[in-house]
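Here's the structure we're looking at; comments come further down.
The values are calculated or read from the model by the stated rules, or taken from the named source; none is laboratory data. Every value quoted in this text rests on a predicted model; they were computed, and no experiment measured them. Glycine gets a Cβ as well: all are built from the backbone with ideal geometry, and neighbour counts include every protein chain shown. Ligands, DNA and RNA are excluded from the accessible area calculation, which covers all protein heavy atoms including side chains. Shrake-Rupley method; radii C 1.70, N 1.55, O 1.52, S 1.80 Å.
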Amino acid sequence: MVKTMQSMWLVAPNAIESKEVPIYDLEPDEVLIKVAYCGICPWDLRAYLGKKKVPLPRILGHEIAGTVVEVGQKVRDLAIGQRVVGDFIVKCGYCDNCREDRSNLCTNPTYLPGGFAEYAKCPRKNIHLIRSQGTSMKAAAFTEPLATVYRGQCKLHLKPGETELVVGAGPIGQMHAQVARYFGAKVIVADLLQERLDLALELGADAVIRSSSGLDLAKAVKEVNQGKGADAAVVAVQSAPLVVETAKALAVGGRLNIFAGIYPVDPLIIDPNLIHYQELTILGSADSTGNEFHQALNFIETGRVKVEKLISHLLPLEKLQEGLDIVAAYQGMKVMMEVGGENQ
Ligand SMILES: [Zn+2]
Ligand SMILES: [Zn+2]
């Protein structure tokens, strides 16, 4: 008799269907994971809303932590019951980007069926072992988004004692703030919502700025930074005008990472002389490499980046559509699906 699992499928934009389907057969190099938790990512939301075209039907969800339940014949170093996270975007390994240490931008990636199901499988090379017993599965499920954050921070080349401005204090912004502090920066966090700023302070931010539509961000940064602009900044909000306001809040030689994709596309209207005379660097970063995935899990396991407090909603698998609607309405922080749970 074939064993089956519950799985949630995106069948059309805005339509999720629950299906009982056979559990995967494994290739020799693959690992079957019983999903404990799977976070909802903005990428999932864009696919759900039809803003990002993906082949349908499919099981979304790539922020997965779980336990090993079966391994392929060639996998010799993992045991049943071990706790793991998986990178569910498999890079080809041979395109120019993969060979030039930019596998995050692999041109032939495979997006595996995701974690909004009781089980998921992926190749051994994409599995990372959770080594610390003290790390919860919920926390480990942040590895993928934290890997993208870590990449973004590395690209800003922070020096100890510099100031970084983080615009947007959602789950991503909160992780940026913590990694920037780890690199020795003084961190200023800006957001519209006071409760998010309170959380940023609790998680170690040095100063916060309550944004509003008419706020002069450059002036507000100087007020909390001894008259100076920020040496580095991350915009973790989908807003082109905010990117421009943030650039104006930089000090001479400042670097700005446009971290959020902006949909629909909205051009930046910026004075080129600001970039020229202030020697600013405007850059971007997207996704992560296997190395960054590894580092992100280290950050979580050592407690250097605290993530559990970023969870606002834990929902059972069958409530995926509700979870996506919560993310779409910008209510709360990280919405996570509790599939098998912590002690599955
Ligand atoms: Zn993600
Ligand atoms: Zn590639």
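Tabulated data for the structure shown
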item	result
Cα principal axis extents for region 14-81, largest first, Å	41, 21, 20
Dipole magnitude (debye, nearest 20) for the chain, charges at Cβ of Lys, Arg, Asp, Glu	380 debye
Length added when fully stretched, VAL11-SER213, from 0.36 nm per residue minus Cα-Cα	68.9 nm
Rounded, prolate or oblate (a/c below 1.5 giving rounded, otherwise prolate when a/b exceeds b/c) for region 156-284 by Cα gyration tensor	rounded
Region 146-191: radius of gyration and largest Cα-Cα distance (Dmax), Å	9.4, 25
Once the Cα gyration tensor of the chain is diagonalised, semi-axes √(5λ) in Å	36, 20, 19
Using a Förster distance of 51 Å, the FRET efficiency for LYS53-GLU223 (Cβ separation, nearest 0.05)	0.70
Point-to-point label distance, ILE269-LEU314, nm (Cα→Cβ direction, 7 Å offset)	4.7 nm
Label-zone membership for region 318-344, site LEU193, 7 angstrom Cα→C-beta point, backbone N under 18 Å	322-337
Most mobile of ILE59, ILE269, ILE300 in a GNM of the chain (Cα contacts under 10 Å)	ILE269
Charge dipole magnitude, Cβ of K and R +1, D and E -1 - region 204-344, Cα centre, debye nearest 20	440 debye
Part-to-part distance (alpha-carbon centres) for region 44-97 and region 303-344, which is given in Å	18 Å
Gaussian network model of the chain, Cα within-10 Å springs - most flexible of GLY50, GLY114, GLY168	GLY50
Dipole-positive endmost among ALA240, VAL221, ILE172 within region 156-284 (Cβ charges, Cα centre)	VAL221
Percentage relative contact order, region 222-344, counting C-alpha pairs under 8 Å, at least six apart	17 percent
Cα-projected label distance for ILE262 with SER239, points at 7 Å along beta-carbon direction, nm	1.2 nm
Under-5 Å amide H pairs with GLY254, H placed in peptide plane, nonlocal only	THR281
Span from the region 257-277 Cα centroid across to the region 194-255 one, whole angstrom	16 Å
DSSP-defined beta bridges in the chain - what % are antiparallel, rounded to 5	55 percent
Spin-label pair LYS74/LEU129, simplified geometry with 7 Å Cα→Cβ offset, distance in nm	2.0 nm
Local electrostatic count at ALA36 - Lys and Arg +1, Asp and Glu -1, tallied over other residues with Cβ under 14 Å	-2
With DNA, RNA and ligands ignored, accessible area of VAL21 (1.4 Å probe; Å², nearest 10)	30 Å²
Highest-MSF residue in the chain out of ALA190, ALA260, ALA79 [GNM, Cα springs under 10 Å]	ALA79
